[in-house]
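Q: Just passing along the structure, written as structure tokens.
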Amino acid sequence: QKQIVCLSIFMQNTNQHCNTLQAMIGLFLQSAGAPEIVVDLLSHLGLSITTLSIYRTVDSLSRKANKAICTAGASKTTMFGLDNLDFTLKHATPTLENTHNINLCHISSASALPLTKAIWMNILCNPTGQPDHFCGLDWVIEHNNLYIK
């Protein structure tokens, strides 16, 4: 394993496009909330990509995920489930300034569920029952019924 790390560092130093291991370590550090000083140190050692590269990678991955979600939604073979959550932050310390604040947070989450051909054939949104017949959004809004037959 040490040989793989050393080989990856050597390859990254000779070719900037060959940094898979460093990119994975950088993304892990970003997701773990590591301080920028740690990321910069590991970047200078050749073990990670720079902070700017991490931000660019996250931005690129977010754009690709957004495009994939939009494409899946436009194909009408994806069902979206939305959920609203309300929770109270228990770890907040009350002070004289914020005694009137209720530490209540509201968040929304969404899940994209791909519909298989078998589900699409049996869903009421598909009036013909054909696996390749996708109804228009106007029909869905008009009938407002997406339940399984």
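Q: Collect the residues in the range 25-35 that are out of contact with any helix residue (DSSP H, G or I) (no Cβ under 6 Å at 6 or more places or on another chain) and either of a type in the set (Val, Ile, Thr) or surrounded by 13 or more Cβ atoms within 10 Å (Cβ to Cβ) (or both), keeping them in residue-number order. Spell out the reasoning first.
A: First pass over the range 25-35, keeping only residues out of contact with any helix residue (DSSP H, G or I) (no Cβ under 6 Å at 6 or more places or on another chain): 25, 27-28, 31-35.
Scanning the range 25-35 gives Ile25, Leu27, Ala34.
Q: Could I ask something else about it? Let me confirm something: among Ser48, Ser43, Ser53, Ser60, which residue is at pLDDT 85 or above and in a loop (DSSP other than H, G, I, E, B)? Give the steps one after another, and end with the answer.
A: On the way: Ser43 fails: in a loop (DSSP other than H, G, I, E, B); Ser53 fails: in a loop (DSSP other than H, G, I, E, B); Ser60 fails: in a loop (DSSP other than H, G, I, E, B).
Step by step, each of Ser48, Ser43, Ser53, Ser60 is checked, and only Ser48 is at pLDDT 85 or above and in a loop (DSSP other than H, G, I, E, B).
The values are calculated or read from the model by the stated rules, or taken from the named source; none is laboratory data. Since we're looking at a predicted model, the values are computed, not measured. Backbone-built Cβ (ideal geometry, glycine too); neighbour counts: all protein chains shown.
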